[in-house]
1. Can you tell which of Ala55, Ala14, Ala97, Ala36 is of a type in the set (A, V, I, L, M, F, W, C) and modelled with pLDDT under 70?
2. Output the residue which, of all residues in region 129-151 that are at pLDDT 90 or above and among the acidic types (Asp, Glu), is nearest to Ala50 (Cα to Cα).
3. Assuming Ala176 fulfils every condition listed in (1) assigned to a helix (DSSP H, G or I); (2) under 20 Å from Ser33 (Cα atoms) apart from one, which condition is it?
4. Going by what's in this entry, would Ser87 be described as surrounded by 13 or more Cβ atoms within 10 Å (Cβ to Cβ) and at pLDDT below 65?
5. In region 179-204, which residues are loosely packed, with under 13 Cβ neighbours inside 10 Å, within 25 Å of Ser16 (Cβ to Cβ) and modelled with pLDDT under 80?
Amino acid sequence: MCDPITIAGIALTAGSAIANTIAQSKVQKARDSALAAERVRQNTLDQEAAALNAASQDRYQDFGAQQDERASELGQYFTDQKIENASGNAAAAAEQATPQSGSDIVVREEAKQRGKADAFAKGQGEALGNLRSFGDLLGGIGREQARDAGRIGQIGGFKRGSSNIVPLELDEANSAGDGMKLFADVLGLGGSLATSKGLGGGTKSVDPWKGLRAVGTKPASSGLLSLYG
């Protein structure tokens, strides 16, 4: 049967192996976690870039309806500007003109001509809006798509930056089981010493002169045996 020291040494060695297994498990879990986090980051950035790309492509959908809407907006803008300018010019001219006539015929004619002028201004504004709507809409879409491309480029930079930190995260994950590794090394050293001591203590040294001492002899300096006593 093994002595207690040898048994303790074997137990410590087994404990060291178990501690090393736990340490490796901690390291693997930390590495898996780092890689999973990177996959989540990359997937999130890919989805954001895909959404931007889809939105950029969708800017051309219903282009005709968008052009009509832009033509209406521009036509109203140009019409308002023309009417405002015409009103300003009319007011300035009125200050220099003779006093307003009290004749109903003159007043109605003036209102009639002003209505014609407003209608003409509106027609010109709408025509100018229709003329410029295509280029204005196309230019606006181009500017928006340029911004989309810039944002997609930024996302690409974020993806590269995220990939570049993965090796650092993996290096850090490799130290996750350092405490358990140290404990395993201590157990392994203790088990080795205990096992060595236990096995060494169980082997007795052989004295070659034991039988001669039993009959009262001792070795001579010349290597021969001589009697004494």
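1. On the way: Ala55 fails: modelled with pLDDT under 70; Ala14 fails: modelled with pLDDT under 70; Ala36 fails: modelled with pLDDT under 70.
The unique qualifying residue is Ala97.
2. Here the residue is Asp148.
3. Status for Ala176: all satisfied but (1).
4. When the stated conditions are applied, Ser87 passes them.
5. Result: Gly200, Gly201, Gly202, Thr203.
Residue-by-condition table, conditions (1) within 30 Å of Asn164 (Cα to Cα); (2) at pLDDT below 80; (3) polar (S, T, N, Q):
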| residue | (1), (2), (3) |
| --- | --- |
| Cys2 | no, yes, no |
| Arg31 | yes, no, no |
| Gln42 | yes, no, yes |
| Ala49 | yes, no, no |
| Gln61 | no, no, yes |
| Gln67 | no, no, yes |
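So that you can scan it fast, the table gives a plain yes or no per residue for (1) surrounded by fewer than 16 Cβ atoms within 10 Å (Cβ to Cβ); (2) under 24 Å from Leu45 (Cβ atoms); (3) out of contact with any Pro (no Cβ under 6 Å at 6 or more places or on another chain); (4) among the aromatic types (Phe, Trp, Tyr):
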{"site": "Glu126", "(1), (2), (3), (4)": "no, no, yes, no"}
{"site": "Ser133", "(1), (2), (3), (4)": "no, no, yes, no"}
{"site": "Gly139", "(1), (2), (3), (4)": "yes, no, yes, no"}
{"site": "Gly142", "(1), (2), (3), (4)": "yes, no, yes, no"}
{"site": "Pro167", "(1), (2), (3), (4)": "yes, yes, yes, no"}
{"site": "Asp171", "(1), (2), (3), (4)": "yes, yes, yes, no"}
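The values are calculated or read from the model by the stated rules, or taken from the named source; none is laboratory data. Just so we're clear, the structure is a prediction, and the values are computed from it rather than from any experiment. With ideal geometry, Cβ positions are generated from the backbone for all residues, glycine too; neighbour counts draw on all protein chains shown.
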